[in-house]
Every structure is written in C-alpha cells, then in structure tokens.
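Enquirer: I have a structure here, written as structure tokens, and I will follow up with some questions on it.
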Amino acid sequence: MTTPLPATLGPPVVCAPLGVERRALDVGALRGVRVVRTGMGRRAGGAVAALAADGPRPVLVAGVAGALAPQVRPGDVVVADEVRDATGARGPVTVPTARPLAAALRAQGLRVHVGPVVTTAQVVDGDRRIALATTGALAVDMESAVLAAAAAGGPFAVVRVVVDTPGAPLLRPGTPARGLTALRTLRRTAPALRAWLDATGPRTVTLAEPRSFCAGVERAIEIVDRALDQFGAPVYVRRQIVHNAHVVRRLTERGAVFVQEVDEVPRGAHVVLAAHGVSPAVRADADARGLAVVDATCPLVAKVHTEVRRHAGRGQTVLLIGHSDHEEVEGTVGEAPSQVTVVEDEQHARTVEVPDASRVAYAMQTTLAVDEAMRIATILRERFPAIRAPRQDDICYATTNRQRAVRAVAADVDLVVVVGSPNSSNSRRLAEVAARDGVPAHLVEDVGELDLAWFAGVRRIGLSAGASAPDDLVDEVVSCVSGLGPVTVTATSTGSENIRFTLPKEVSR
C-alpha cells in the first residue's frame with residue numbers, strides 16, 4: 001500500500017548574521033540557495049518575522065562564534081545539537097540532524113564538534129563566559145536561538161566556526177587574523193551545508209516489523225546484567241556478548257570486561273561466553289583456569305553444535321554453510337575440526353570434495369541470508385544425493401523473520417537503512433537482501449553514520465535493525481529524519497515474535 005506524503009516545505013534559507021559571513025558563503029556549492037544577511041544579535045529578529053510568515057521551511061544558521069569549551073580551538077566548527085537561549089526568553093531547541101551534518105563537514109577535512117550552542121544578548125567574556133562554559137555548551141553566539149523561529153517548525157540547523165576562545169578572547173590583537181581564518185573555514189563548509197539543504201523535505205518512514213533484538217540477544221544481554229548484579233564487577237566476557245558496539249559500551253560502563261580469550265581472565269573469576277557459541281577447546285581452557293563459566297550461547301546456535309557433534313559421531317563429513325571468519329562458525333567448526341568443511345558460497349559448493357559422498361551432512365550458520373543459503377544447500381543436495389539435512393532449519397527464526405520484513409518494506413520505498421554494527425552478520429544480511437531487491441540499502445552503526453547525500457530527492461525510506469541492535473537506535477534515526485522535514489511514520493509487519501529462552505541456572509535466581 002502506498003502511503004501519502006506529508007505536507008511540503010517552503011524554499012530553504014541560509015541565515016548569515018553578518019555581511020562578511022554572507023560573502024564567505026557566496027560560493028558555487030550554494031548556487032541557487034537564498035543566503036540572507038539577518039543582522040547581528042537582536043537585529044536578527046526582523047528577519048525572523050519575514051521568513052516565518054511563509055510557513056515551515058529549512059533554515060540553516062551559518063556564521064562565526066566564540067568557543068566555551070577548552071577543546072574547541074579557533075577555526076574549529078561547532079554543529080549545534082541543541083540551541084539554548086541564555087536570556088530565558090525561549091526554550092531550548094533540539095537539532096536531531098546534528099551528527100549527520102557533522103559527518104558531512106568532517107568529510108570536507110574540517111575539525112568538527114557536536115554539542116549545545118548558547119545564544120546571549122551581548123558579547124560575553126570573563127566570568128560570564130566561564131559561567132556559560134559550566135553549562136556544557138560548546139560555543140556562544142548572539143543569533144541562533146532567535147533565528148530558530150524563522151524555520152516555523154521546519155528543519156533547523158546551526159553551524160558556527162570559532163573565532164575566539166576563553167584563552168584568546170575577542171578583544172585581542174590576534175582577532176583579525178583568527179577572523180579571516182574562520183571565514184575561510186566557513187567558506188569550506190558550503191558543500192556540507194548544501195548536502196543538508198538538499199536532504200530536507202517531506203517523506204515517509206516505513207518501519208520493518210519485526211526488527212531489532214531477538215530472544216537470543218535479549219537473553220545474552222540479560223545474562224551479563226544479572227551476572228553483574230549477582231557477582232559484582234568485574235564480570236569478564238569472552239568476545240562481544242552480541243555484535244553491537246552500543247550494547248558492549250553500555251555493559252562496559254556497568255563493569256563488564258570484554259576479552260578476546262579466556263587466558264586473559266584472572267583465575268577463578270566469572271566469565272560469560274558470548275551468544276555466538278564457542279568450541280569445546282575454549283570450555284576446556286576455562287575449566288583449566290578454574291573460571292566460573294556462565295554460558296550465554298544462543299540456544300539456536302547450540303542446536304547447530306549438537307547437530308555437528310551428532311553427524312561427526314557417525315563418521316560423516318559436515319559441510320557447514322557459513323562465513324569462516326565469523327565467531328559462530330569458528331565455534332561450530334571446533335566441535336569436530338577434522339570433519340567440518342566450511343562452504344562459503346555457491347562456487348565453493350560446486351567444487352568442494354568429501355572423502356565419502358555417502359557419508360556427508362550439512363549444517364548452516366544461523367545468521368545467513370536465507371535465499372543465498374538455500375541456493376548453496378540446493379547445490380550440495382544435487383551433488384551429494386545422500387547428504388543429510390538438518391532436522392529443522394538452522395537459520396534462526398529471527399534472521400528469517402527480519403529478512404522477510406525488510407523485503408516487504410523494500411517493495412515500496414526508495415531507500416532502506418538498516419541499523420546494526422558492521423561485524424553483525426544478520427544486520428549485514430538485511431542490507432544485502434534489500435539491495436538484491438533493487439533498492440539502495442545502507443548499514444549504519446547509528447545516526448552518526450547517516451550520509452545526507454542518501455536522502456536527496458528520496459521521499460520514502462524503509463528502516464530496519466539487526467537482531468543485535470537496540471531499538472532506541474532506530475528511534476534516533478526516525479528523529480533525525482524528522483529533523484529533515486515532516487515525516488509520516490508507518491509500519492509493515494510480516495508477523496510477531498513471542499519466543500523467550502530460559503536463563504542458565506547460574507543467573508536464574
């Protein structure tokens with residue numbers, strides 16, 4: 001079903017408070033864009049009324065500013081993620097597109113900071129500047145909070161290049177030279193400003209359902225949380241508990257210590273084995289060190305391990321369809337290294353040899369693209385008619401469900417964005433599945449990896465997340481897209497999930 005697009009926006013405007021700032025932005029990258037000199041400080045209010053009278057439009061404030069934070073140097077660029085009014089006359093304005101805009105500026109070779117910008121009624125220095133710095137704001141100007149109203153609820157962004165700092169105040173002999181440097185930098189921002197302006201517009205966002213955490217991932221994260229609650233920090237975790245940097249960061253902040261191998265864990269300590277499973281050799285090493293092991297292996301991965309052990313115990317060669325460098329495959333191969341051969345693609349399936357074609361079986365990595373895995377399995381069955389197949393599909397229900405959902409979404413959008421870490425196999429497969437259906441598709445760790453160029457002219461976006469990606473990262477992407485223009489959010493559901501796995505006895509109480 002086609003979803004109607006939201007309301008339109010007026011033509012975009014770049015607001016430059018000073019004439020020198022406006023002239024700095026008179027470059028080819030902004031050709032055709034209206035750049036308005038608004039006046040400095042309170043005088044900018046006159047431009048607001050004229051611009052806002054035409055209704056919502058994209059407004060980007062660009063100019064120079066003073067730094068508040070010590071890490072911000074002359075010539076640095078500050079992108080506001082929030083605009084504050086020091087006078088208290090206006091409430092704070094959140095800028096959800098700050099991180100993609102900052103990424104576009106960094107692509108121009110600029111040193112960029114993202115954080116709050118505060119607007120004051122006059123130039124500040126001395127104690128007043130110190131007081132503003134304690135609020136966490138990165139820079140101070142005299143117009144941004146005033147000009148926010150010019151957008152009339154439309155997209156709004158602020159880019160400021162630093163001239164003066166607490167250590168190099170405005171009224172100093174070096175200011176003219178720093179000012180010229182800042183204006184040259186402001187000119188260099190133009191391609192990124194254009195990218196933001198081109199990305200604005202009304203659009204729909206269609207959420208794929210199901211998406212984000214599966215039962216195995218929820219179980220693994222809960223295991224680490226409970227281990228920290230019951231045993232106290234530190235609790236050691238071999239490898240990433242699930243393949244997502246945000247999850248790992250949160251657990252690290254709670255006291256989890258992530259290691260590559262169990263020989264890095266102090267003897268007798270608690271160690272959690274990650275959801276991807278491990279080989280028997282890893283368990284043996286943990287036992288030899290006297291470690292208190294809590295096993296967070298996904299039950300569906302454990303099922304594949306059991307299959308491989310069963311086939312190997314019967315003297316069969318196991319052809320494991322998967323990616324040899326993935327941790328899940330490494331652990332599965334470890335069940336019977338001399339009897340397991342990893343088959344990575346269709347070409348390998350056509351050429352792989354086995355000692356005895358009558359004694360062969362196959363198994364699968366649980367996070368593969370379903371269509372690719374089935375094609376490989378079909379080739380193996382054609383070549384080895386006696387091959388034993390898994391009793392049940394090895395590709396987990398969550399992987400299958402998310403791929404089906406993203407395919408349904410891809411049928412009616414111009415662009416698909418998948419949230420997930422690059423080392424997450426199931427997340428990467430989602431983007432690949434959408435791309436194979438003919439839709440541009442991109443995998444992003446979070447909103448900071450969105451490329452504004454993807455959105456130019458795009459009015460229908462599909463959004464999903466891998467099974468190891470928290471859903472709040474999806475919410476941030478929706479918020480960011482909403483910051484580019486009016487958005488209608490809808491969902492395409494291909495089913496629901498109500499599976500929950502039991503916890504290991506070590507943390508179940």
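Matching residues to (1) assigned by TED's automatic domain parsing to the domain that holds LEU60; (2) under 26 Å from ARG57 (Cβ atoms); (3) more than 29 Å from the chain's Cα centre (by Cα):
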site: LEU132; (1), (2), (3): yes, no, yes
site: ALA137; (1), (2), (3): yes, no, no
site: SER144; (1), (2), (3): yes, yes, no
site: PRO169; (1), (2), (3): yes, no, yes
site: ARG184; (1), (2), (3): yes, no, yes
site: ALA192; (1), (2), (3): yes, yes, no
site: GLU222; (1), (2), (3): no, no, no
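Enquirer: Tell me which residues, restricted to segment 55-68, are out of contact with any Lys or Arg (no Cβ under 8 Å at 6 or more places or on another chain) and part of a loop (DSSP other than H, G, I, E, B).
Expert: GLY55, PRO56, ARG57, PRO58
Enquirer: Does segment 328-350 contain at least one residue that is among the aliphatic types (A, V, I, L, M), farther than 30 Å from GLY495 by Cβ and in contact with a Gly (Cβ under 8 Å, 6 or more places away or on another chain)?
Expert: Taking every residue of segment 328-350 in turn, at least one turns out to be among the aliphatic types (A, V, I, L, M), farther than 30 Å from GLY495 by Cβ and in contact with a Gly (Cβ under 8 Å, 6 or more places away or on another chain).
Residues are listed down the side, and each one gets a yes or a no for (1) out of contact with any Ser or Thr (no Cβ under 6 Å at 6 or more places or on another chain); (2) in contact (Cβ under 8 Å) with a residue 12 or more places away in the chain; (3) outside any strand (DSSP E or B); (4) not aromatic (Phe, Trp, Tyr):
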{"position": "PRO70", "(1), (2), (3), (4)": "yes, yes, yes, yes"}
{"position": "VAL79", "(1), (2), (3), (4)": "yes, yes, no, yes"}
{"position": "ARG84", "(1), (2), (3), (4)": "yes, yes, no, yes"}
{"position": "LEU101", "(1), (2), (3), (4)": "yes, yes, yes, yes"}
{"position": "GLY115", "(1), (2), (3), (4)": "yes, yes, no, yes"}
{"position": "ALA121", "(1), (2), (3), (4)": "no, yes, yes, yes"}
{"position": "LEU147", "(1), (2), (3), (4)": "yes, yes, yes, yes"}
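Enquirer: How many residues does segment 338-374 hold that are outside any helix (DSSP H, G or I) and either touching a residue at least 24 places away in the same chain (Cβ under 8 Å) or touching a Cys at 6+ places or on another chain (Cβ under 6 Å) (or both)? Walk me through it before giving the result.
Expert: Going residue by residue through segment 338-374, those that are outside any helix (DSSP H, G or I) are 338-345, 352-369.
Filter once more, keeping what is either touching a residue at least 24 places away in the same chain (Cβ under 8 Å) or touching a Cys at 6+ places or on another chain (Cβ under 6 Å) (or both): 339-341, 343, 345, 352, 354-369.
Summing the residues that are outside any helix (DSSP H, G or I) and either touching a residue at least 24 places away in the same chain (Cβ under 8 Å) or touching a Cys at 6+ places or on another chain (Cβ under 6 Å) (or both) in segment 338-374 gives 22.
Enquirer: Does segment 299-315 contain any residue that is part of a loop (DSSP other than H, G, I, E, B) and over 23 Å from SER425 (Cα atoms)? Steps first, please.
Expert: Taking segment 299-315 as the starting set, the residues that turn out to be part of a loop (DSSP other than H, G, I, E, B) are 314-315.
Next, only the ones that are over 23 Å from SER425 (Cα atoms) stay: 314-315.
Yes, that holds for at least one residue.
Here's the yes/no breakdown for (1) at pLDDT 95 or above; (2) surrounded by 16 or more Cβ atoms within 10 Å (Cβ to Cβ):
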{"position": "VAL340", "(1), (2)": "yes, yes"}
{"position": "ALA361", "(1), (2)": "yes, yes"}
{"position": "THR366", "(1), (2)": "yes, yes"}
{"position": "ILE395", "(1), (2)": "no, yes"}
{"position": "LEU415", "(1), (2)": "yes, yes"}
{"position": "GLY420", "(1), (2)": "yes, yes"}
{"position": "SER427", "(1), (2)": "yes, yes"}
{"position": "GLY438", "(1), (2)": "yes, no"}
{"position": "GLU445", "(1), (2)": "yes, yes"}
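Enquirer: Please verify whether ALA208 is buried (at least 19 other Cβ atoms within 10 Å of the Cβ) and part of a helix (DSSP H, G or I), treating the condition exactly as stated.
Expert: no
Enquirer: What residue, among those in segment 179-196 that are within 18 Å of GLY457 (Cβ to Cβ) and in contact with a helix residue (DSSP H, G or I) (Cβ under 6 Å, 6 or more places away or on another chain), is surrounded by the fewest Cβ atoms within 10 Å (Cβ to Cβ)? Please lay out each step first, then the result.
Expert: Taking segment 179-196 and keeping what is within 18 Å of GLY457 (Cβ to Cβ), we get 191-196.
If we keep only those that are in contact with a helix residue (DSSP H, G or I) (Cβ under 6 Å, 6 or more places away or on another chain) too, we end up with 191-192, 194-196.
Values: PRO191: 15, ALA192: 25, ARG194: 23, ALA195: 23, TRP196: 26.
Among those residues, the one meeting the criterion is PRO191.
Enquirer: Which residues, counting only those in segment 397-413, are more than 20 Å from ILE461 (Cβ to Cβ) and either buried (at least 24 other Cβ atoms within 10 Å of the Cβ) or charged (D, E, K, R) (or both)? Give the steps one after another, and end with the answer.
Expert: Of the residues in segment 397-413, the ones more than 20 Å from ILE461 (Cβ to Cβ) are 397-401.
Result: ALA398, THR399.
Enquirer: Just to be sure I understand, how many residues within segment 476-509 are surrounded by 14 or more Cβ atoms within 10 Å (Cβ to Cβ) and touching an Asp or Glu at 6+ places or on another chain (Cβ under 9 Å)?
Expert: 9
Enquirer: Out of segment 224-244, which residues are over 24 Å from the mean Cα position of the chain (by Cα) and either in a loop (DSSP other than H, G, I, E, B) or aliphatic (A, V, I, L, M) (or both)? Quick ask: steps written out before the conclusion?
Expert: Quick first cut of segment 224-244, residues over 24 Å from the mean Cα position of the chain (by Cα) only: 226-236.
ALA227, LEU228, GLY232, ALA233, PRO234, VAL235 - these are the residues of segment 224-244 that are over 24 Å from the mean Cα position of the chain (by Cα) and either in a loop (DSSP other than H, G, I, E, B) or aliphatic (A, V, I, L, M) (or both).
Enquirer: Tell me the residue from LEU503, LEU484, LEU452, LEU443 that is within 15 Å of ALA208 (Cα to Cα) and either under 19 Å from the mean Cα position of the chain (by Cα) or of a type in the set (A, V, I, L, M, F, W, C) (or both), please.
Expert: Being within 15 Å of ALA208 (Cα to Cα) and either under 19 Å from the mean Cα position of the chain (by Cα) or of a type in the set (A, V, I, L, M, F, W, C) (or both) holds for just one of LEU503, LEU484, LEU452, LEU443, which is LEU443.
Enquirer: Can you find a residue that is in contact (Cβ under 8 Å) with a residue 40 or more places away in the chain, part of a loop (DSSP other than H, G, I, E, B) and within 26 Å of ARG226 (Cα to Cα) anywhere in segment 477-495? Walk me through it before giving the result.
Expert: So in segment 477-495, the residues in contact (Cβ under 8 Å) with a residue 40 or more places away in the chain come out as 477-495.
Still in the list and also part of a loop (DSSP other than H, G, I, E, B): 483-486, 494-495.
The next check asks that each one be within 26 Å of ARG226 (Cα to Cα); those that pass are none.
Within segment 477-495, none of the residues are in contact (Cβ under 8 Å) with a residue 40 or more places away in the chain, part of a loop (DSSP other than H, G, I, E, B) and within 26 Å of ARG226 (Cα to Cα).
Enquirer: Looking at this structure, is THR120 modelled with pLDDT of 95 or more, surrounded by fewer than 24 Cβ atoms within 10 Å (Cβ to Cβ), assigned by TED's automatic domain parsing to the domain that holds ALA195 and over 32 Å from the mean Cα position of the chain (by Cα)?
Expert: Values: modelled with pLDDT of 95 or more: yes; surrounded by fewer than 24 Cβ atoms within 10 Å (Cβ to Cβ): yes; assigned by TED's automatic domain parsing to the domain that holds ALA195: yes; over 32 Å from the mean Cα position of the chain (by Cα): yes.
So THR120 passes the test.
Quick grid of which residues meet (1) in the same structural domain as PRO100 (by TED's automatic domain parsing); (2) in contact with a strand residue (DSSP E or B) (Cβ under 8 Å, 6 or more places away or on another chain); (3) over 30 Å from VAL77 (Cβ atoms):
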residue	(1), (2), (3)
THR175	yes, yes, no
GLY179	yes, yes, no
HIS243	no, no, yes
PHE258	no, yes, yes
ALA288	no, no, yes
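Enquirer: Find all pairs meeting these conditions: Cβ atoms under 7 angstrom apart; at least six residues apart or on different chains; first residue within segment 128-145 and within 17 Å of ALA89 (Cα to Cα); second residue of a type in the set (Ser, Thr, Tyr).
Expert: From residues that are within 17 Å of ALA89 (Cα to Cα), the pairs are VAL140/THR120; ASP141/THR119; MET142/THR119; MET142/THR120; GLU143/THR38; GLU143/THR119; SER144/THR119; ALA145/THR119.
Enquirer: Can LEU186 be described as in a helix (DSSP H, G or I), in contact (Cβ under 8 Å) with a residue 24 or more places away in the chain and either in contact with an Asp or Glu (Cβ under 7 Å, 6 or more places away or on another chain) or among the aromatic types (Phe, Trp, Tyr) (or both)? Reasoning before the result, please.
Expert: Working: in a helix (DSSP H, G or I): yes; in contact (Cβ under 8 Å) with a residue 24 or more places away in the chain: yes; either in contact with an Asp or Glu (Cβ under 7 Å, 6 or more places away or on another chain) or among the aromatic types (Phe, Trp, Tyr) (or both): yes.
For LEU186, the condition - in a helix (DSSP H, G or I), in contact (Cβ under 8 Å) with a residue 24 or more places away in the chain and either in contact with an Asp or Glu (Cβ under 7 Å, 6 or more places away or on another chain) or among the aromatic types (Phe, Trp, Tyr) (or both) - is met.
The values are calculated or read from the model by the stated rules, or taken from the named source; none is laboratory data. Given the structure is predicted, the values throughout are model-derived calculations rather than measurements. FYI the Cβ positions are ideal-geometry reconstructions off the backbone, even for glycines, and counts take in every protein chain you see.
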